[in-house]
1. Would you mind telling me which numbered condition in (1) small (Gly, Ala, Ser); (2) under 20 Å from the mean Cα position of the chain (by Cα); (3) closer than 30 Å to residue 75 by Cβ; (4) modelled with pLDDT of 90 or more residue 152 fails?
2. Would you be able to tell me the number of residues in the stretch 24-58 that are farther than 18 Å from residue 131 by Cβ and in contact with a strand residue (DSSP E or B) (Cβ under 8 Å, 6 or more places away or on another chain)?
3. Answer yes if at least one residue in the stretch 140-149 is in contact with a Leu (Cβ under 6 Å, 6 or more places away or on another chain) and either modelled with pLDDT under 85 or farther than 21 Å from residue 49 by Cα (or both), and no otherwise.
4. Please specify each residue of the stretch 1-56 satisfying the condition of being polar (S, T, N, Q), modelled with pLDDT of 80 or more and either surrounded by 14 or more Cβ atoms within 10 Å (Cβ to Cβ) or in contact with a Phe, Trp or Tyr (Cβ under 7 Å, 6 or more places away or on another chain) (or both).
5. Looking only at residues that are farther than 23 Å from residue 70 by Cβ and of a type in the set (A, V, I, L, M) in the stretch 127-144, which one is surrounded by the fewest Cβ atoms within 10 Å (Cβ to Cβ)?
6. Can you find a residue in the stretch 161-175 that is surrounded by fewer than 14 Cβ atoms within 10 Å (Cβ to Cβ), under 29 Å from residue 63 (Cβ atoms) and touching a residue at least 12 places away in the same chain (Cβ under 8 Å)?
7. Can you find a residue that is modelled with pLDDT under 90 and small (Gly, Ala, Ser) anywhere in the stretch 188-203?
8. Give the residue, chosen from 100, 62, that is of a type in the set (Ser, Thr, Tyr) and at pLDDT below 80.
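The values are calculated or read from the model by the stated rules, or taken from the named source; none is laboratory data. Quick caveat, the model's predicted, so the values are computed rather than measured. Cβ: placed from backbone, ideal geometry, glycine included. Neighbour counts: every protein chain shown.
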Amino acid sequence: MNNRELSLRDHLQELRRRLLISVIALLAGTVLAFAFWEEAVELLKRPAQEINDGQGVTLIATQVTETLTTSFKLSMAGGAVLAFPVILYQIIRFIAPGLTGGERRALFIFMPAAMLVFVVGVAFGYFVLTPQALPFLLTFGEGVVEPLVRISSLVDVMIRLLFWMGIVFETPLVMLLLAQIGIVNAGAFSRFRRFWLVIAFILAAVITPTFDPVNQILVALPLLVLYELGVLLARLAGRSKRKSTESTNPIS
(Lines give C-alpha, C1' and ligand atoms only; values in the text may rest on other atoms or scores of the structure.)
Protein backbone atom coordinates (compact mmCIF):
# COMPACT_ATOMS: atom_id res chain seq x y z
CA MET A 1 0.00 0.00 0.00
CA ASN A 2 2.81 2.40 0.86
CA ASN A 3 4.54 1.62 -2.43
CA ARG A 4 1.30 2.27 -4.29
CA GLU A 5 0.77 5.59 -2.51
CA LEU A 6 4.36 6.57 -3.19
CA SER A 7 3.94 5.69 -6.85
CA LEU A 8 0.74 7.74 -7.08
CA ARG A 9 2.41 10.66 -5.31
CA ASP A 10 5.35 10.54 -7.69
CA HIS A 11 2.96 10.37 -10.62
CA LEU A 12 1.08 13.47 -9.45
CA GLN A 13 4.33 15.33 -8.84
CA GLU A 14 5.47 14.47 -12.35
CA LEU A 15 2.14 15.71 -13.72
CA ARG A 16 2.46 18.96 -11.78
CA ARG A 17 6.00 19.47 -13.07
CA ARG A 18 4.97 18.89 -16.67
CA LEU A 19 2.00 21.27 -16.30
CA LEU A 20 4.21 23.93 -14.73
CA ILE A 21 6.69 23.75 -17.60
CA SER A 22 3.83 23.96 -20.11
CA VAL A 23 2.30 27.00 -18.39
CA ILE A 24 5.68 28.76 -18.24
CA ALA A 25 6.20 28.06 -21.95
CA LEU A 26 2.72 29.41 -22.72
CA LEU A 27 3.33 32.59 -20.72
CA ALA A 28 6.74 33.12 -22.34
CA GLY A 29 5.25 32.57 -25.80
CA THR A 30 2.42 35.00 -25.05
CA VAL A 31 4.85 37.71 -23.91
CA LEU A 32 6.94 37.20 -27.04
CA ALA A 33 3.89 37.26 -29.29
CA PHE A 34 2.64 40.47 -27.63
CA ALA A 35 5.76 42.25 -28.89
CA PHE A 36 4.64 41.51 -32.46
CA TRP A 37 0.86 41.78 -32.19
CA GLU A 38 0.70 44.73 -34.62
CA GLU A 39 2.62 42.74 -37.25
CA ALA A 40 0.25 39.83 -36.62
CA VAL A 41 -2.78 42.05 -37.29
CA GLU A 42 -1.22 43.22 -40.55
CA LEU A 43 -0.67 39.58 -41.48
CA LEU A 44 -4.32 38.75 -40.78
CA LYS A 45 -5.42 41.75 -42.86
CA ARG A 46 -3.40 40.69 -45.88
CA PRO A 47 -5.96 38.27 -47.43
CA ALA A 48 -8.33 41.25 -47.77
CA GLN A 49 -5.80 43.52 -49.49
CA GLU A 50 -7.52 43.37 -52.89
CA ILE A 51 -10.58 45.33 -51.81
CA ASN A 52 -10.81 49.14 -52.03
CA ASP A 53 -8.65 49.18 -55.18
CA GLY A 54 -5.84 47.30 -53.49
CA GLN A 55 -5.79 49.46 -50.36
CA GLY A 56 -7.19 46.69 -48.21
CA VAL A 57 -9.36 47.15 -45.16
CA THR A 58 -9.15 49.86 -42.53
CA LEU A 59 -9.73 48.55 -39.03
CA ILE A 60 -11.59 50.50 -36.37
CA ALA A 61 -12.26 50.12 -32.66
CA THR A 62 -15.69 51.03 -31.28
CA GLN A 63 -14.92 50.37 -27.61
CA VAL A 64 -12.32 51.91 -25.34
CA THR A 65 -10.62 48.62 -24.50
CA GLU A 66 -11.24 46.83 -27.80
CA THR A 67 -7.74 47.22 -29.23
CA LEU A 68 -6.10 46.23 -25.95
CA THR A 69 -8.25 43.13 -25.40
CA THR A 70 -7.80 42.10 -29.02
CA SER A 71 -4.03 42.39 -28.70
CA PHE A 72 -4.16 40.14 -25.62
CA LYS A 73 -6.33 37.59 -27.42
CA LEU A 74 -4.02 37.58 -30.43
CA SER A 75 -0.97 37.32 -28.18
CA MET A 76 -2.42 34.34 -26.33
CA ALA A 77 -3.17 32.60 -29.64
CA GLY A 78 0.37 33.31 -30.82
CA GLY A 79 1.76 32.17 -27.47
CA ALA A 80 -0.12 28.87 -27.77
CA VAL A 81 1.41 28.33 -31.21
CA LEU A 82 4.93 29.13 -29.99
CA ALA A 83 4.56 26.98 -26.87
CA PHE A 84 2.93 24.04 -28.63
CA PRO A 85 6.18 22.13 -29.33
CA VAL A 86 7.12 22.39 -25.65
CA ILE A 87 3.64 21.34 -24.51
CA LEU A 88 3.66 18.48 -26.99
CA TYR A 89 7.02 17.28 -25.68
CA GLN A 90 5.76 17.38 -22.09
CA ILE A 91 2.69 15.32 -23.04
CA ILE A 92 4.85 12.73 -24.77
CA ARG A 93 7.27 12.47 -21.85
CA PHE A 94 4.42 12.12 -19.36
CA ILE A 95 2.57 9.43 -21.32
CA ALA A 96 5.53 7.49 -22.70
CA PRO A 97 6.54 5.53 -19.52
CA GLY A 98 3.16 3.78 -19.41
CA LEU A 99 3.24 2.62 -23.03
CA THR A 100 4.72 -0.39 -24.73
CA GLY A 101 7.67 0.01 -27.06
CA GLY A 102 5.49 -0.10 -30.17
CA GLU A 103 2.94 2.34 -28.75
CA ARG A 104 5.74 4.69 -27.72
CA ARG A 105 7.20 4.70 -31.22
CA ALA A 106 3.76 5.31 -32.72
CA LEU A 107 3.20 8.22 -30.34
CA PHE A 108 6.54 9.85 -31.14
CA ILE A 109 5.66 9.61 -34.82
CA PHE A 110 2.00 10.64 -34.52
CA MET A 111 2.36 13.75 -32.37
CA PRO A 112 4.94 15.64 -34.50
CA ALA A 113 3.05 14.57 -37.62
CA ALA A 114 -0.15 15.99 -36.11
CA MET A 115 1.61 19.32 -35.52
CA LEU A 116 2.91 19.40 -39.11
CA VAL A 117 -0.51 18.58 -40.56
CA PHE A 118 -2.12 21.29 -38.42
CA VAL A 119 0.32 23.84 -39.88
CA VAL A 120 -0.54 22.66 -43.40
CA GLY A 121 -4.25 23.14 -42.64
CA VAL A 122 -3.64 26.66 -41.32
CA ALA A 123 -1.58 27.47 -44.43
CA PHE A 124 -4.41 26.21 -46.66
CA GLY A 125 -6.89 28.39 -44.80
CA TYR A 126 -4.66 31.46 -45.03
CA PHE A 127 -3.42 31.20 -48.61
CA VAL A 128 -6.41 29.53 -50.32
CA LEU A 129 -9.61 30.05 -48.36
CA THR A 130 -9.43 33.50 -46.76
CA PRO A 131 -8.35 35.34 -49.95
CA GLN A 132 -11.69 34.17 -51.36
CA ALA A 133 -13.86 34.51 -48.25
CA LEU A 134 -12.80 37.90 -46.87
CA PRO A 135 -13.23 39.95 -50.07
CA PHE A 136 -16.67 38.39 -50.54
CA LEU A 137 -17.71 39.32 -47.01
CA LEU A 138 -16.28 42.82 -47.14
CA THR A 139 -17.64 43.75 -50.58
CA PHE A 140 -21.10 42.21 -50.21
CA GLY A 141 -23.64 45.03 -50.43
CA GLU A 142 -21.06 47.41 -51.89
CA GLY A 143 -22.73 50.66 -52.85
CA VAL A 144 -25.36 50.21 -50.16
CA VAL A 145 -23.08 50.16 -47.13
CA GLU A 146 -19.45 51.00 -46.56
CA PRO A 147 -17.69 48.37 -44.42
CA LEU A 148 -16.09 49.64 -41.23
CA VAL A 149 -14.45 46.53 -39.84
CA ARG A 150 -13.79 46.21 -36.11
CA ILE A 151 -10.36 44.89 -35.27
CA SER A 152 -11.84 42.35 -32.84
CA SER A 153 -14.22 41.05 -35.52
CA LEU A 154 -11.46 40.48 -38.08
CA VAL A 155 -9.17 38.78 -35.55
CA ASP A 156 -11.98 36.54 -34.27
CA VAL A 157 -12.99 35.42 -37.76
CA MET A 158 -9.42 34.75 -38.87
CA ILE A 159 -8.38 32.86 -35.74
CA ARG A 160 -11.53 30.74 -35.77
CA LEU A 161 -11.25 29.90 -39.46
CA LEU A 162 -7.53 29.10 -39.40
CA PHE A 163 -7.84 27.04 -36.23
CA TRP A 164 -10.65 24.87 -37.55
CA MET A 165 -8.92 24.38 -40.88
CA GLY A 166 -5.91 23.10 -38.96
CA ILE A 167 -8.15 20.74 -36.97
CA VAL A 168 -9.98 19.25 -39.97
CA PHE A 169 -6.68 18.54 -41.70
CA GLU A 170 -5.98 16.12 -38.84
CA THR A 171 -8.67 13.78 -40.23
CA PRO A 172 -6.32 11.28 -41.99
CA LEU A 173 -4.04 11.01 -38.96
CA VAL A 174 -6.97 10.39 -36.61
CA MET A 175 -8.28 7.70 -38.94
CA LEU A 176 -4.81 6.12 -39.12
CA LEU A 177 -4.52 6.13 -35.32
CA LEU A 178 -7.96 4.52 -34.90
CA ALA A 179 -7.03 1.83 -37.40
CA GLN A 180 -3.61 1.33 -35.83
CA ILE A 181 -5.03 0.63 -32.38
CA GLY A 182 -7.81 -1.53 -33.80
CA ILE A 183 -10.89 0.56 -32.98
CA VAL A 184 -12.03 1.02 -36.60
CA ASN A 185 -10.82 -0.70 -39.77
CA ALA A 186 -10.61 0.51 -43.34
CA GLY A 187 -13.78 -1.37 -44.30
CA ALA A 188 -15.84 0.56 -41.73
CA PHE A 189 -14.38 3.84 -42.96
CA SER A 190 -15.27 2.89 -46.55
CA ARG A 191 -18.87 2.14 -45.57
CA PHE A 192 -19.07 5.48 -43.76
CA ARG A 193 -17.97 7.36 -46.90
CA ARG A 194 -21.50 8.29 -48.04
CA PHE A 195 -22.22 9.86 -44.65
CA TRP A 196 -18.93 11.74 -44.74
CA LEU A 197 -19.99 13.40 -48.00
CA VAL A 198 -22.85 15.06 -46.14
CA ILE A 199 -20.76 15.77 -43.04
CA ALA A 200 -18.05 17.45 -45.15
CA PHE A 201 -20.49 20.01 -46.53
CA ILE A 202 -22.04 20.58 -43.10
CA LEU A 203 -18.57 21.23 -41.65
CA ALA A 204 -17.77 23.52 -44.57
CA ALA A 205 -20.92 25.53 -43.86
CA VAL A 206 -19.97 25.82 -40.18
CA ILE A 207 -16.30 26.65 -40.70
CA THR A 208 -16.72 29.07 -43.59
CA PRO A 209 -17.87 32.51 -42.42
CA THR A 210 -19.76 33.02 -45.72
CA PHE A 211 -22.79 31.44 -47.35
CA ASP A 212 -21.00 31.60 -50.70
CA PRO A 213 -21.10 28.08 -52.24
CA VAL A 214 -17.68 28.58 -53.87
CA ASN A 215 -16.00 29.08 -50.49
CA GLN A 216 -17.90 26.17 -48.98
CA ILE A 217 -16.76 23.91 -51.82
CA LEU A 218 -13.18 25.09 -51.21
CA VAL A 219 -13.48 23.63 -47.70
CA ALA A 220 -15.58 20.55 -48.52
CA LEU A 221 -13.35 19.25 -51.32
CA PRO A 222 -10.19 19.03 -49.15
CA LEU A 223 -12.26 17.29 -46.47
CA LEU A 224 -13.36 14.65 -48.99
CA VAL A 225 -9.79 14.20 -50.24
CA LEU A 226 -8.46 13.99 -46.68
CA TYR A 227 -11.02 11.33 -45.84
CA GLU A 228 -9.99 9.23 -48.82
CA LEU A 229 -6.37 9.62 -47.73
CA GLY A 230 -7.41 8.44 -44.26
CA VAL A 231 -9.10 5.35 -45.75
CA LEU A 232 -5.90 4.55 -47.63
CA LEU A 233 -3.76 4.99 -44.52
CA ALA A 234 -6.16 2.82 -42.49
CA ARG A 235 -5.95 0.11 -45.14
CA LEU A 236 -2.14 0.23 -45.07
CA ALA A 237 -2.20 0.09 -41.27
CA GLY A 238 -4.44 -2.99 -41.40
CA ARG A 239 -2.10 -4.76 -43.80
CA SER A 240 0.89 -3.90 -41.62
CA LYS A 241 -0.84 -5.32 -38.54
CA ARG A 242 -1.76 -8.54 -40.37
CA LYS A 243 1.82 -9.03 -41.55
CA SER A 244 3.11 -8.38 -38.04
CA THR A 245 0.66 -10.92 -36.61
CA GLU A 246 1.61 -13.54 -39.21
CA SER A 247 5.32 -13.04 -38.53
CA THR A 248 4.92 -13.41 -34.74
CA ASN A 249 2.46 -16.33 -34.99
CA PRO A 250 3.62 -18.45 -37.95
CA ILE A 251 1.46 -21.39 -38.93
CA SER A 252 3.19 -24.57 -37.86
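1. Answer for residue 152: the failing condition is (2).
2. 1
3. Within the stretch 140-149, one or more residues are in contact with a Leu (Cβ under 6 Å, 6 or more places away or on another chain) and either modelled with pLDDT under 85 or farther than 21 Å from residue 49 by Cα (or both).
4. Those that are polar (S, T, N, Q), modelled with pLDDT of 80 or more and either surrounded by 14 or more Cβ atoms within 10 Å (Cβ to Cβ) or in contact with a Phe, Trp or Tyr (Cβ under 7 Å, 6 or more places away or on another chain) (or both): 22, 30.
5. Selected residue: 144.
6. Scanning the stretch 161-175 turns up no residue that is surrounded by fewer than 14 Cβ atoms within 10 Å (Cβ to Cβ), under 29 Å from residue 63 (Cβ atoms) and touching a residue at least 12 places away in the same chain (Cβ under 8 Å).
7. no
8. After applying the criteria, what remains is 100.
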